[in-house]
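Remarks on the structure that follows.
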Amino acid sequence: MFVTPGEDLVGYMATLTSPILLPDFSCVRFWFKKAGEAPVSLRVVVTPGPAYLGEHFEVTLWVLPDTVTSDWQEGQLSIPHYSVDSIEVYIEAKRLEGDWNGGHNEGLIHIDDVEVTRSSECSTVPPEASTKTTTPSSHLTTTPRGSMSEVSCDFTNGDFCQWTSGSTNVKWLIESDIQNTHGVGPLADHTTGDGYFMSLTPTHDQNEGVAVIVTTELTATSAQDFCLRWWYHMDGSDVGTLSVHLITLKKEKDSVIWKKKGFQTAWWTEAFVGIHINENFVLEFKGSQGKNLLSNLAVDDIDMKTAVCPENLQTMKSDEVLCTFEQGNTCGMEVGLETGWTIVKSHTSDHTTGTDQGHVFELRGGSNPATSILKSPFITVEKTKCVGFYYWIGGTEDASLTISLEKDSGVSVGESVQLVKMAEPGWRAIEIGLYRYYGEQMKVMFTGSVGPNKDTVVAIDDVFVNLEMCSPRIAVQCYFENTTCLWMNDPNGLQWFTSDTSSGHTLNGPADDLSKEHYAIFEIVPHHQPGASARMISPTVTRSGIQFTHVLHLYIFCLL
């Protein structure tokens, strides 16, 4: 890359911007070449990423020396560790005053082979490029990089690491296989397949109750971001609730920051949650269980880092991405000329965390009916791509969400899909295949319409892009092989869950599902009340994907 020399560009700057980086990136390397006595300056700057909410600052870490020759030379600089969520690196060239006779196409300065790495050894090259410019000391941190040893635990030693079991009537236990879980727990741990995990399974002697493990006191120096992640397994009939709690010690406030209830997975599934806090706190994992012995909760590989969760630094431009709208990340979404869409804490519970602490993109009714457009960034369809998301439409008045596609020329293509308020409000899923627009750059447009009543709301959450083929027809055709294909249990009823023919999870189900190993099953146990039902809800179905304007939901019932 090079900077052009036109005299009419005196005072103008050309800036090369890095992707958003985690703050543990520590070294920048590049090659540069200045053309003769070219009137140009060059510097390398670091700033906080866009999610940073504090006072903005920028730090110049490298400047072009006056002594450089016209040959290609290596440049290098070290990035200090700042107490911010993320950083960006800028390489900035400026056209200075002065004549230039070297020709327009030669360029004033050239840059090549730029890389940003995590490296413990990184001096300034050339040494005279060093600068004394620094940021205020309040932005520097001595927090150690990597996982927090007080929280991270893979249960490898057969214990709870630095976590402590709470004084409750039921207890988490350390297990290594399915033997003590009545056939519904994990077959093995997640870490190695030959280790341990923590498990909660009702027994005849110990059933209804809540089990708790809690960390030691954790310290947040000023306002900090953390990323907590773990793997969970929630299998069986009448599965209870798994929740993560954050308790601040100064205000003694207990906030549920993640929660799932009922059957979720018959395989290990990863979860994560971002935490932004400025005071000391503790974390708790709570598991509740009922009378049904054929249920299990399990957790493995808990880890915590002092950083924004990587998923919350992505945009929809990536090949594979999950946009949760947490920790200030908009995922590159843009609101149209009509204001209305905003990121807010969910009015009930978001889809990501299942709590009122999670965030969504929301359009809410007001004094006048409103229509507002939310656009994704351009998605390059170079491979098979599927875009999906979860949506909620509710309130006392009619509301709708219309999905359409737009090319980079600004032309809408295909027919739109209109989603309307359900009789029973809840999160619903839908997928849209982009494969037919191979080679194009496409935007997904979310057009929400709400009435004047403030309790009318349209919300979206967990927008995802992946490289798999998708269509509603395929989503409805589900074999339950390590996935539920976006089918969901009705949270207000009894539970369907998956079982199989080969691993010991067969319970009372068939020994063969005719074509595959897994199937969905509903277990009847004595404490189920007559008339109770289990209902499994499909993702939103269109007859031919984005080309059909009517939508359907399919329900599978089992009535006692």
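In the stretch 126-146, how many residues are at pLDDT below 50 and either assigned to a loop (DSSP other than H, G, I, E, B) or open to solvent by less than 50 Å² (accessible area, probe 1.4 Å) (or both)?
Result for the stretch 126-146: 11.
Take the residues in the stretch 319-341 that are β-branched (V, I, T) and open to solvent by less than 20 Å² (accessible area, probe 1.4 Å); name whichever of them is modelled with the highest pLDDT.
So the residue we want is T324.
Just to verify a result, which residue in the stretch 342-384, among those that are closer than 21 Å to S318 by Cα and among the polar types (S, T, N, Q), is least open to solvent (accessible area, probe 1.4 Å)?
S376
Quick one: which of V308, V282 is open to solvent by less than 30 Å² (accessible area, probe 1.4 Å), assigned to a loop (DSSP other than H, G, I, E, B) and among the hydrophobic types (A, V, I, L, M, F, W, C)?
V308
Identify, please: which residue in the stretch 435-465 is under 26 Å from the mean Cα position of the chain (by Cα) and small (G, A, S) and is, among those, surrounded by the fewest Cβ atoms within 10 Å (Cβ to Cβ)?
A459
Are any residues in the stretch 226-238 open to solvent by 10 Å² or more (accessible area, probe 1.4 Å) and assigned to a loop (DSSP other than H, G, I, E, B), and if so, which ones?
D238, the sole residue that qualifies.
Does A423 satisfy being in contact with a Ser or Thr (Cβ under 9 Å, 6 or more places away or on another chain) and of a type in the set (A, V, I, L, M)?
In short, no.
Restricting attention to the stretch 306-328, which residues are touching a residue at least 40 places away in the same chain (Cβ under 8 Å) and under 8 Å from the mean Cα position of the chain (by Cα)?
C309, P310, N312, V321, L322, C323, T324, F325, E326 - these are the residues of the stretch 306-328 that are touching a residue at least 40 places away in the same chain (Cβ under 8 Å) and under 8 Å from the mean Cα position of the chain (by Cα).
For the stretch 242-274, name all the residues that are within 19 Å of Q224 (Cβ to Cβ) and of a type in the set (F, W, Y).
Matches in the stretch 242-274: W258, F272.
Can you go through V282, V360 and tell me which one is closer than 25 Å to T168 by Cα and out of contact with any His (no Cβ under 7 Å at 6 or more places or on another chain)?
Within the list V282, V360, the selection yields V282.
Give the residue, chosen from S123, S149, S199, that is open to solvent by 40 Å² or more (accessible area, probe 1.4 Å) and either at pLDDT below 75 or not in a loop (DSSP other than H, G, I, E, B) (or both).
S149
Looking only at the stretch 213-225, which residues are at pLDDT 80 or above, β-branched (V, I, T) and surrounded by fewer than 20 Cβ atoms within 10 Å (Cβ to Cβ)?
Answer for the stretch 213-225, where residues must be at pLDDT 80 or above, β-branched (V, I, T) and surrounded by fewer than 20 Cβ atoms within 10 Å (Cβ to Cβ): V214, T216, T219.
The values are calculated or read from the model by the stated rules, or taken from the named source; none is laboratory data. These numbers come from a predicted model, not from an experiment. Cβ sites come from the backbone with ideal geometry, for glycine too, and all protein chains shown count toward neighbours. In case anyone asks, the SASA skips ligands and DNA or RNA and just uses the protein heavy atoms, side chains included. Shrake-Rupley method; radii C 1.70, N 1.55, O 1.52, S 1.80 Å.
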